[in-house]
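Participant: Could you have a look at this structure, given as structure tokens, before my questions?
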There are 2 protein chains.
Amino acid sequence: MSNSKLYKGSLSTIILKLLAENNKMYGYEITQKVKELTQGELNITEGALYPALHKLEAEGFLEVEMQRVDNRLRKYYKLTQAGTKEKVSRIEELERFIETIQGIVNPKPSLG
Amino acid sequence: MSNSKLYKGSLSTIILKLLAENNKMYGYEITQKVKELTQGELNITEGALYPALHKLEAEGFLEVEMQRVDNRLRKYYKLTQAGTKEKVSRIEELERFIETIQGIVNPKPSLG
DNA sequence: AAACATACATAATTTTCTTATGCATAAAAA
DNA sequence: TTTTTATGCATAAGAAAATTATGTATGTTT
């Protein structure tokens, strides 16, 4: 399903980012949104998603609101204030990480 | 020590990349090179590095040559032919992953 | 009737780290 | 001169975060 091992560690950052943009989302919706945004490249498995959501909630970054739609239960998540802060720092961390990796993969030739 | 959880999964790709550029390197040298290239951002721990090298060797991507220098033993690693191929595909995977992540973090606004 | 989509959840397992420890030599600092 | 730091390898225990496999339930499509 999911593409690479590289994905490891970035899931919670992705969740926080999507919730910051969409106010509230439910689990299944997140998997579909990620699939869409990545043109099918990244497929979040349920076994990864739900534990990640529960952890973020336990850490106080998300709050939950249940809603019944078409006789199906949805668990909507939205960022708390702490979650909004956390999102900022995790995105920064992710961008710094990407720069770091690119410093190895595409090293700038040393001046000398 | 090491910076982030995001790093997870990228170590073996980093090793293959460095060996492709430097012909042969020993473990300690790899940790120093990564520290240098990333300005101290990424510090590979020995507990991660050595098992990773052993695994790449077991998979047939690296070959070993022992050498004694200043009465200290060094284990030089270099890419095999299979390792050279593997490096290409792993770097491609890494670059695709970075693009994918950026598609989420910096989504292009949909035309509409 | 069977398969697929929607929607949640968890358990067992695997992968890949961190942390801690061990051995050994050599140089630098206290 | 003793201790710390650097060089160089290695492995074991534990943690984190996935994958894979299930399970439950409803609704739609084939």
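Participant: Would you give the gap between the C-alpha center of the stretch B:20-40 and the C-alpha center of the stretch B:47-101, rounded to a whole Å?
Facilitator: So the separation of the two Cα centres works out to 11 Å.
Participant: Something else about it: Calculate the mean, over all residues of peptide B:17-29, of how many other protein chain Cβ atoms lie within 10 angstrom of the residue's Cβ.
Facilitator: 1
Participant: Shifting gears a bit: Along Cα→Cβ at 7 Å, what distances in nm separate the A:E95 label point from those on the other copies, shortest first?
Facilitator: 2.3
Participant: Also: Write down the Å³ per residue value for the convex hull defined by the alpha carbon atoms of the protein assembly as shown.
Facilitator: Taking only Cα atoms, the protein assembly as shown has a hull volume of 162 Å³ per residue.
Participant: Below 8 Å, C-alpha to C-alpha, sequence gap of six or more: please give me the relative contact order for the stretch B:5-102 in percent.
Facilitator: 33 percent
Participant: Per the Kirkwood treatment, what hydrodynamic radius in Å, one decimal, follows for the stretch A:42-112 from the mean inverse distance over all distinct Cα pairs?
Facilitator: Roughly 15.2 Å, rounded to one decimal.
Participant: Please compute the average number of Cβ atoms from other chains found within 10 Å of each residue's Cβ in peptide A:37-48.
Facilitator: The mean count of partner-chain Cβ atoms within 10 Å per residue comes to 2.
Participant: What pairs in A:K85/B:K8; A:K87/B:K33; A:K87/B:K17; B:K87/B:K108; A:K17/B:K33 have C-alpha atoms more than 27 Å from each other?
Facilitator: Violating the 27 Å Cα-Cα cut-off are A:K87/B:K33; A:K87/B:K17; B:K87/B:K108; A:K17/B:K33.
Participant: Chain pair A, B: how much accessible area is buried, both chains summed, with a 1.4 Å probe, in Å² to 100?
Facilitator: In total, chains A and B hide about 2900 Å² from solvent.
Participant: Given the options B:N106, B:I91, B:T45, identify the residue whose Cα lies farthest towards the positive end of the charge dipole of the protein assembly as shown (+1 on Cβ of Lys, Arg; -1 on Cβ of Asp, Glu).
Facilitator: Selected residue: B:T45.
Participant: Compute the label-point distances linking B:K75 to its equivalents in the other copies; points lie 7 Å from Cα along Cα→Cβ; give nm, one decimal, shortest first.
Facilitator: Listed shortest first, these distances are 4.4 nm.
Participant: Give, rounded to the nearest 20 debye, the magnitude of the charge dipole that chain B has about its Cα centre when Lys and Arg contribute +1 at Cβ and Asp and Glu contribute -1 at Cβ.
Facilitator: For chain B, the charge dipole is close to 100 debye.
The values are calculated or read from the model by the stated rules, or taken from the named source; none is laboratory data. These numbers were taken from a predicted model, which means no experiment stands behind them. Ideal geometry is used to build each Cβ from the backbone, glycine not excepted, and the neighbour counts take in all protein chains shown. Note: accessible area is taken over every heavy atom of the protein model, side chains too, but ligands, DNA and RNA are not part of it. Shrake-Rupley method; radii C 1.70, N 1.55, O 1.52, S 1.80 Å.
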